[in-house]
């Protein structure tokens with residue numbers, strides 16, 4: 001696995017990536033003042049534009065839902081990518097060759113070679129699609145008949161990129177060579193293979209489904225057997241593991257389903273390519289499928305990120321559809337074995353008569369597929385019924401055995417408040433006393449839980465899930481984002497997360513001035529001297545959140561010489577405490593309430609000086625008021641301390657002199 005991306009390369013990618021260009025791919029932006037663009041937020045429904053972009057600083061913020069950040073965070077959220085995937089995607093677009101901490105590259109490919117392999121797959125997908133609709137190809141007719149027999153027309157085939165691999169043997173290979181691809185590129189991506197007579201097509205005489213990654217780039221293919229004389233007996237063949245394609249990390253249809261999954265917070269896991277097509281065409285837009293492998297841990301990580309599957313979120317919903325046969329039950333029980341990895345509740349949907357979504361759509365219509373998903377039963381219920389179904393409940397021995405088998409499943413329920421209700425329900429299914437089952441569940445809860453496959457996998461056991469579902473928590477209830485393996489590690493020295501800071505009270509005029517000064521310091525760094533920033537104490541900011549932001553600005557300021565606006569903002573953000581990083585991004589795009597110079601886009605210097613004076617003067621005035629009160633209390637004390645009175649009077653005088661000089665310096 002590749003190491004951490006070089007930090008300088010991350011900075012280069014960020015500075016070269018135009019946030020305006022990236023956001024315009026998803027949002028219609030219009031000018032909203034000098035240096036500011038606005039549009040409708042892509043992260044929540046709104047009618048009045050509140051999504052603000054400031055290209056000079058490379059930041060965005062929605063004043064409706066609170067989402068904000070830089071070009072990296074925008075792509076991560078809108079495309080549902082990890083940090084590493086985002087940097088690699090942006091690097092490919094701006095031509096940055098990434099270096100990794102261990103000296104390697106992702107999948108041992110450079111950005112240029114990776115793009116070449118992706119382009120070869122795009123050409124292959126285009127070629128296969130053209131063959132399917134070529135009425136002159138008699139062998140392709142079998143593929144078209146296969147699709148029609150399952151209720152898919154030409155529009156459906158085009159929507160999912162379905163194609164046909166000719167039976168000739170080297171049709172695709174010749175096409176790729178004609179397009180300038182080398183033998184190494186063609187074979188490395190798994191599109192062709194070497195034989196005694198040279199290169200030959202890896203897939204021949206099969207119906208082809210392009211397998212795309214989360215960004216929509218084709219990284220492999222799934223191929224369905226059509227002809228009886230096919231020398232490969234397997235009904236389905238998938239691209240072998242390549243530098244582009246890792247089957248344990250890819251979900252078929254995710255590029256089409258990710259938006260619906262994120263919006264509706266429901267993912268539907270089906271078993272095959274045609275099932276994904278049938279589900280989407282039936283209105284179940286969050287359907288995905290694995291590609292020739294069982295649903296596993298890496299797939300869970302991908303879906304959790306898109307679903308925002310965290311303990312402090314409203315529960316999401318994950319529905320698995322399985323065939324009603326023994327293999328389907330085994331697959332469902334394997335999924336139940338991983339159920340503790342979800343914070344969301346998972347469900348199982350088994351169609352009547354064991355039909356899959358494709359068959360269900362054909363026989364009973366799209367509404368039946370929707371009903372299948374809507375009527376899914378909790379994974380827990382399915383697991384219990386499947387487990388106890390192995391025993392003869394007509395005998396006392398069978399009921400006791402079933403009770404003992406079901407007890408660990410009930411004990412593993414994450415929400416302890418649900419256990420009493422489930423105990424009553426399962427006791428009724430088994431025909432045993434509630435107290436009898438409750439005692440068995442209690443005993444099972446004290447033993448390491450076992451997955452349906454056997455070995456202990458309970459919380460805290462080796463190889464088992466972490467203790468407690470969802471994301472790990474820091475002090476004071478702060479939730480840490482899920483960090484995927486291979487992502488950038490947290491910054492060194494972040495330490496425990498701080499407690500929640502109260503939001504600044506903008507009804508207070510002093511707090512409003514503090515906010516404007518922070519905006520100006522972030523947006524107009526070049527108009528403030530380092531001496532001005534140093535002279536202003538952190539304590540001058542009355543709102544704790546404002547003080548935390550200014551502390552980050554003061555810390556980053558000595559290193560700001562020669563930094564671009566984007567790099568300056570990055571320095572502040574990386575220095576700021578985690579609870580106020582979102583506030584930094586918000587302040588970077590918020591409009592200053594003053595007229596900007598039409599040529600430079602800068603606010604008047606008098607306005608900025610007035611902000612510094614306002615915050616500093618208010619702080620000194622508070623100190624003077626406190627010192628004056630102490631002097632008066634000491635003067636009227638029964639036994640005043642002359643030395644203490646002298647010290648306080650001197651301090652008061654110095655504060656008044658400091659305030660007078662400040663006003664002279666900042667007010668011409």
May I ask you to derive the FRET efficiency for residue 442 and residue 637 from their Cβ-Cβ distance with R0 = 60 Å, giving the value to the nearest 0.05?
-> 0.35
Calculate the length of the line joining the C-alpha centroid of the stretch 189-241 to that of the stretch 53-83, in whole Å.
-> 38 Å
Order these peptides, 197-206, 589-598, by their mean beta-carbon neighbour count within 10 angstrom, highest first.
-> 197-206, 589-598
Can you give the helix-only mean residue ellipticity at 222 nm for the chain, where every DSSP H stretch with n ≥ 4 adds -39500 (n - 2.57) and the sum goes over all residues, rounded to the nearest 500 deg cm²/dmol?
-> -14500 deg cm²/dmol
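When 364, 235, 247 are ordered from fewest to most other Cβ atoms inside 10 Å of their Cβ, what list results?
Neighbour counts put them in this order, fewest first: 235, 364, 247.
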Suppose R0 equals 41 Å; then what is the FRET efficiency for residue 416 and residue 506 from their Cβ-Cβ distance, rounded to the nearest 0.05?
-> 0.50
Extension gain, residue 249 back to residue 28 (0.36 nm per residue minus Cα-Cα distance, nm) = 76.3 nm
Under a plain spin-label model, where a point goes 7 Å from the Cα along Cα-to-Cβ, how far apart in nm are residue 130 and residue 650?
-> 9.1 nm
Per the Kirkwood formula on distinct C-alpha pairs, the Rh of the stretch 506-581 is how many angstrom?
-> 12.5 Å
Gain in length, residue 404 to residue 657, computed as 0.36 nm per residue apart minus the alpha-carbon separation, to one decimal in nm?
-> 82.9 nm
Nitroxide proxy distance, nm - points 7 Å out along Cα→Cβ at residue 297 and residue 235 | 3.0 nm
Compute log10 of I(q)/I(0) for the stretch 7-107 with the Debye formula, placing one identical point scatterer on every Cα and leaving out solvent, at q = 0.13, 0.15, 0.16 Å⁻¹, to two decimals.
-> -0.47, -0.61, -0.68
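Take the alpha carbon atoms of the chain, find their radius of gyration, then divide it by 2.2 N^0.38 Å using N residues; give the quotient.
Values: Rg = 31.7 Å, N = 668, 2.2 N^0.38 = 26.1 Å.
So the Cα radius of gyration is 1.21 times the expected 2.2 N^0.38 Å.
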What does a probe at residue 11 reach in the stretch 65-93, counting residues whose amide N is under 11 Å from the point 7 Å along Cα→Cβ?
-> none
Contour minus Cα-Cα distance for residue 393 and residue 625 (0.36 nm per residue) = 75.3 nm
Could you compute the FRET efficiency for residue 374 and residue 18, with r as their C-beta to C-beta distance and R0 at 35 Å, rounded to 0.05?
-> 0.20
Kindly put 20, 433, 125 in sequence by how many other C-beta atoms sit within 10 Å of each C-beta, fewest to most.
-> 433, 20, 125
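Bear in mind these aren't lab numbers, they're just calculated from the coordinates by the rules spelled out. On a predicted model such as this, the values are computed, not experimentally measured, just so you know. Note: ideal-geometry Cβ built from the backbone for every residue, glycine included; neighbour counts use all protein chains shown.
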